[in-house]
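Engineer: What follows is a single structure, and I will ask about it in a moment.
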Amino acid sequence: MRDSSSWHPTAYRTHTIGQVVSNGEELEGKEVTVAGYAETVRGRGAICFLMLRDGTGQIQAFLKRDNMDESLFESVQSATRETTIQVTGKVAKKRPPKVAEGEPIPPPEFEVNVVSGAILAMAAAPLPVGVTDEVNVGLDVRLDNRHLDVRRAHVNAMFQLRSKVLQYGREHLISEGFQEINSPKIIAAAAEGGTNLFPMKYFETDAYLSQSPQLYKQLAVLGGLERVFEIGPAFRAEKHDTYRHLNEFVSFDIEGAWMDDDDVMGVQERMIHHIWSCVSSNDQALIDVVNEYRASQGKEPVTVEVPSMPFPRIPYCDAIEIVKQGGGDIEWGDDIESHHCDIIAAKHPGFHFIPRWPMSMKPFYIHHKEEEKGSSGGQLSRGFDLNYGRDEMTSGGAREHRVEILEENLRGMGLDPADFTFYTDGFRYGAPPHAGWGLGVARLLMVLTGAGNVREVVLFPRDRSRVTP
Ligand code: AMO
């Protein structure tokens, strides 16, 4: 439940339920108006107990037929689960529970003795997804009814954690001098290869949905903004159907001038360290809600262990050797796939960087690693990934800032520099060496919350078969 101590009254309530619950002593005898969802309605005849929940807590509302408007009393008595109701009445102490002799007396609880109110919207029954009771429906049904699914305590807690992760990440980057930018999402040229673009009609011309803020965050740095970050949507027309791919995802990107790959790996590990430290000191209550649900499903609890720094750096060539020694089938120049990652993760559990990928495997904007060749003699790059377990969290690297080489790289990858002049022109008038990374927010949330699927931590996911709700 959310801390609402600083929330102001609104048109529909004088107090949040959380405020009444935590300030009962102070509010006792005073009239309040609260509003929320009906969890249960008990009692027939002359009295009725309504359990009301909002995003900040739960409280019992006590209704007496002869104390209030008869028709309101009857409507509440017959209210279906999740109906929204507003009630006004005095705060009173609940009758204390019977306690065996010698047992400690629990602190008093409070209720609202209702004198007036209103049914705001009656809920249809039955609910397609139970909110407070056991839900035996699959992820698809839950996502079809996400508006109800998010009312469930642990799902709500996951989205609160998501908001915290973004808040702490932002906070950390600002403390390191990064400023937030917003780049266009309607673009004319591919940053991450042309095959996975969503085309769109833009008046009389063709355009695409942005796959990454890559080229624009670089242009912002070239323009003198020096250190920038962006948290925004990225669109990929990939025909994946996996637990970790979506066609729209939120990418957390940075770019910094006068920095190389090692520098931005440092920024990344400090940011993750800050996020984990803050969650572990401030948000254990949310993790407890997630764990309560996990326990009900027979799953291990998640623990927020602040990772120690520096995170291990396992250069690509060494990673390949680890996979080979672990019995994996891989050659220099191959991608490191999930089943290879399992072998590496057995040796390096937790976050670890894989720097110095072969140049041939990295996009045109990545800087090659001067003078350095891999074990096969192939050119290495200043590109890196950050992995956790079997999943890639981040890609990043130092960027090529010399326009002649950038154009050469474009041609080498079968792209026409003429399509990229809006980008390459930014390098013609003095370009600082720079570096950056892009982190998949949902993938990081999977690590923090133990979710087994990115869809769990994305409010309204978009995948191959889902464009609604
Ligand atoms: P990349 O394409 O590796 O790099 O993406 C960066 C990170 O974004 C996440 N990600 C995804 N998450 C969910 N669904 C997807 N389909 C998906 N694709 C990617 C991953 C990945 O590590 N421009 C570079 C970043 C940079 O160099 O700054 C880029 O976009 O967590």
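The values are calculated or read from the model by the stated rules, or taken from the named source; none is laboratory data. Quick caveat: nothing in here was measured; it's all calculated off a predicted structure. Note: ideal-geometry Cβ built from the backbone for every residue, glycine included; neighbour counts use all protein chains shown.
Engineer: Of all the residues that make up the stretch 415-464, how many are touching a residue at least 12 places away in the same chain (Cβ under 8 Å) and in a loop (DSSP other than H, G, I, E, B)?
Structural biologist: If we filter the stretch 415-464 for residues that are touching a residue at least 12 places away in the same chain (Cβ under 8 Å), which is where we start, we get 415, 419-420, 422-424, 426-428, 431-464.
Among the residues that remain, those that are also in a loop (DSSP other than H, G, I, E, B) are: 415, 428, 431-433, 450-453, 458-461, 464.
Result for the stretch 415-464: 14.
Engineer: Considering (1) crowded, with 22+ Cβ neighbours inside 10 Å; (2) over 28 Å from the mean Cα position of the chain (by Cα); (3) within 16 Å of the ligand (Cβ to nearest atom), say which one PHE351 fails and leave the rest.
Structural biologist: It is condition (2) that PHE351 fails.
Engineer: Among what's in the stretch 299-347 and is of a type in the set (Gly, Ala, Ser) and in a helix (DSSP H, G or I), pick the residue that is nearest to TYR388 (Cα to Cα). Show your work before the answer.
Structural biologist: Taking the stretch 299-347 first, the residues of a type in the set (Gly, Ala, Ser) are 308, 319, 326-328, 333, 338, 345-346.
Going one step further and asking which of them are in a helix (DSSP H, G or I), we end up with 319, 338, 345-346.
Values: ALA319: 14, SER338: 11, ALA345: 7, ALA346: 11 Å.
My answer is ALA345.
Engineer: Also, I was wondering about something else. Taking the stretch 35-46, which residues are in contact with a Phe, Trp or Tyr (Cβ under 7 Å, 6 or more places away or on another chain) and assigned to a strand (DSSP E or B)?
Structural biologist: Scanning the stretch 35-46 gives ALA35, ARG42.
Engineer: Name the pairs: first residue in the stretch 223-248 and closer than 13 Å to GLY440 by Cα, second residue hydrophobic (A, V, I, L, M, F, W, C) and assigned to a loop (DSSP other than H, G, I, E, B), Cβ to Cβ under 7 Å, at least 6 apart or on different chains?
Structural biologist: Cβ pairs passing all conditions: GLU230/ILE181; PHE235/PHE198; LEU246/VAL458; ASN247/ALA237.
Engineer: Looking at (1) more than 30 Å from THR424 (Cβ to Cβ); (2) more than 16 Å from the ligand (Cβ to nearest atom), can you tell me which one ILE344 breaks?
Structural biologist: (2) is the only condition that ILE344 fails.
Engineer: Yes or no: the stretch 63-84 includes at least one residue that is surrounded by fewer than 17 Cβ atoms within 10 Å (Cβ to Cβ) and in contact with a Leu (Cβ under 9 Å, 6 or more places away or on another chain).
Structural biologist: yes
Engineer: Given the residues VAL141, VAL131, VAL135, which is the only one that is of a type in the set (Val, Ile, Thr) and in contact (Cβ under 8 Å) with a residue 60 or more places away in the chain?
Structural biologist: So the residue among VAL141, VAL131, VAL135 that is of a type in the set (Val, Ile, Thr) and in contact (Cβ under 8 Å) with a residue 60 or more places away in the chain is VAL131.
Engineer: Pairs only if they're at least six apart or on different chains, beta carbon under 8 angstrom, first in the stretch 189-200 and over 10 Å from GLU238 (Cβ atoms) and near the ligand (Cβ under 9 Å from one of its atoms), second of a type in the set (Ser, Thr, Tyr) and not in a loop (DSSP other than H, G, I, E, B); list them, first residue then second.
Structural biologist: Pairs that qualify, where the first residue is over 10 Å from GLU238 (Cβ atoms) and near the ligand (Cβ under 9 Å from one of its atoms) and the partner is of a type in the set (Ser, Thr, Tyr) and not in a loop (DSSP other than H, G, I, E, B): there are none.
Engineer: List the residue pairs whose Cβ atoms are under 9 Å apart, where the first residue sits in the stretch 107-123 and is over 16 Å from VAL91 (Cα atoms), the second is acidic (Asp, Glu), and the two are 6 or more positions apart or on different chains.
Structural biologist: Short answer, once both residue conditions are applied: ALA123/GLU82.
Engineer: Next question, about the same structure. Would you check which residues across the stretch 256-315 are over 28 Å from LYS217 (Cα atoms), of a type in the set (S, T, N, Q) and buried (at least 17 other Cβ atoms within 10 Å of the Cβ) and list them?
Structural biologist: ASN291
Engineer: Sticking with this one: Can you pull out the residues in the stretch 412-423 that are more than 16 Å from the ligand (Cβ to nearest atom) and within 27 Å of ILE354 (Cα to Cα)?
Structural biologist: GLY412, GLY414
Engineer: Are there any pairs with C-beta distances below 8 angstrom linking a residue in the stretch 322-336 that is at negative phi to a residue that is polar (S, T, N, Q) and modelled with pLDDT under 95, with the two at least 6 apart or on different chains, and if so which?
Structural biologist: The qualifying pairs are TRP332/SER375; TRP332/SER376.
Engineer: Would a scan of the stretch 23-31 turn up a residue that is surrounded by fewer than 13 Cβ atoms within 10 Å (Cβ to Cβ), in a helix (DSSP H, G or I) and on the phi < 0 side of the Ramachandran plot?
Structural biologist: yes
Engineer: Here are GLN268, GLN297: which of them is of a type in the set (S, T, N, Q), at pLDDT below 95 and under 30 Å from ASP3 (Cβ atoms)? Even if it seems obvious, please write down each step before you answer.
Structural biologist: Details: GLN268 fails: at pLDDT below 95.
Matching residue, one of GLN268, GLN297: GLN297.
Engineer: For the stretch 350-379, which positions are in contact (Cβ under 8 Å) with a residue 40 or more places away in the chain and either among the aromatic types (Phe, Trp, Tyr) or more than 14 Å from ASP262 (Cα to Cα) (or both)?
Structural biologist: GLY350, PHE351, PHE353, TRP357, PRO358, PRO363, PHE364, TYR365, GLY374, SER375, SER376, GLY378
Engineer: Let me ask another. Mind checking which pairs have a first residue in the stretch 380-394 that is within 8 Å of the ligand (Cβ to nearest atom) and a second that is of a type in the set (Val, Ile, Thr) and part of a strand (DSSP E or B), Cβ under 7 Å, 6 or more apart or different chains?
Structural biologist: GLY383/ILE366; ASP385/ILE354; ASP385/THR394; LEU386/THR394
Engineer: Of all residues in the stretch 75-105, how many are modelled with pLDDT under 95 and of a type in the set (D, E, K, R)?
Structural biologist: Count: 5.
Engineer: Out of the residues in the stretch 44-63 that are over 23 Å from ASP149 (Cα atoms) and without any contact (Cβ under 8 Å) to a residue 24 or more places away in the chain, which is nearest to the chain's Cα centre (by Cα)?
Structural biologist: This residue is PHE49.
Engineer: Search the stretch 182-216 for residues being touching a Phe, Trp or Tyr at 6+ places or on another chain (Cβ under 8 Å) and assigned to a helix (DSSP H, G or I), and hand back the single one that is surrounded by the fewest Cβ atoms within 10 Å (Cβ to Cβ).
Structural biologist: Step one: of the stretch 182-216, the residues touching a Phe, Trp or Tyr at 6+ places or on another chain (Cβ under 8 Å) are 183-191, 197-200, 208-211, 214-215.
Those still in the list that are assigned to a helix (DSSP H, G or I) too: 214-215.
On the way: GLN214: 24, LEU215: 21.
Looking at the filtered set, the residue picked out is LEU215.
Engineer: Does the stretch 256-263 contain any residue that is under 14 Å from LEU448 (Cβ atoms), part of a loop (DSSP other than H, G, I, E, B) and either away from the ligand (no atom under 14 Å from the Cβ) or in contact (Cβ under 8 Å) with a residue 12 or more places away in the chain (or both)?
Structural biologist: So far as the stretch 256-263 goes, no, none of its residues is under 14 Å from LEU448 (Cβ atoms), part of a loop (DSSP other than H, G, I, E, B) and either away from the ligand (no atom under 14 Å from the Cβ) or in contact (Cβ under 8 Å) with a residue 12 or more places away in the chain (or both).
Engineer: Test each condition in (1) away from the ligand (no atom under 13 Å from the Cβ); (2) modelled with pLDDT of 95 or more; (3) of a type in the set (Asp, Glu) for ASP206 and report the one that comes out false.
Structural biologist: ASP206 satisfies all of (1) away from the ligand (no atom under 13 Å from the Cβ); (2) modelled with pLDDT of 95 or more; (3) of a type in the set (Asp, Glu) except (2).
Engineer: Another one. Name the single residue that is surrounded by the most Cβ atoms within 10 Å (Cβ to Cβ) among those in the stretch 217-243 being of a type in the set (A, V, I, L, M) and within 11 Å of the ligand (Cβ to nearest atom).
Structural biologist: ALA234
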